Structures are given as C-alpha cells and as structure tokens.
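Everything on this sheet refers to the single structure shown next.
The values are calculated or read from the model by the stated rules, or taken from the named source; none is laboratory data. Note that this is a predicted model, so its numbers are computed, not measured. Every residue, glycine as well, gets a Cβ built from its backbone with ideal geometry; the counts of neighbours run over all protein chains shown.
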C-alpha cells in the first residue's frame, strides 16, 4: 500500500466507513436501496442514517446526512488536507 492509501481508516474511520459510504451516496443522489444492495445488507454502523434517510421528514433526513458528512470532513481535516 502506497503512502496515502488507507489513510482515512488510520485516523479513526474504522466502522464509520459504512455511514460515510451511505452519506456520500445519498449526497450524490444514489437511490438508498441501491446503496444498501452494494453494502450487501451489512450496514449495521449506518443504521441511524439509513432510518433517517427513509424518514418522511425532510429535517430528519437533512440533519442526519449533515452529521454523516461532517464525520468525513473531520477525518479529512485530521489528515491535514486543505
């Protein structure tokens, strides 16, 4: 593995990669069921976000999506990226 590869995992993404995957996929407009299919039904660590994205309440969806994306931003910041 070259320098820079796998770095997000090393700064604490760990099990949160599932939430990050779901959050970015939702941001890009991927249908939730397709995203879950790609995860093979094993999105245990993204359960809260998945429930929120299925909510009829826009505020609930937006709040949890923002929370998921902020975790990605913090991991990138920990890498020292601009």
Query raised in the report: Out of segment 67-82, which residues are surrounded by 11 or more Cβ atoms within 10 Å (Cβ to Cβ) and either in a loop (DSSP other than H, G, I, E, B) or within 10 Å of the chain's Cα centre (by Cα) (or both)?
Result: 67, 68, 69, 70, 71, 72, 79
**Report entry** Where a residue in segment 44-73 is more than 16 Å from residue 25 (Cβ to Cβ) and its partner, wherever it lies, is surrounded by 12 or more Cβ atoms within 10 Å (Cβ to Cβ), with Cβ under 8 Å and at least six apart
**Finding:** 44/18; 55/61; 60/52; 63/52
Report task. Note down all Cβ pairs under 6 Å where the first residue falls in segment 4-31 and is closer than 19 Å to residue 80 by Cα, the second is at pLDDT 50 or above and crowded, with 18+ Cβ neighbours inside 10 Å, and they're at least six residues apart or on different chains. Result -> 8/75; 11/75; 13/75; 20/72
Query raised in the report: Looking at segment 52-66, which of its residues are farther than 16 Å from residue 23 by Cβ and not in a helix (DSSP H, G or I)?
Result: 56, 57
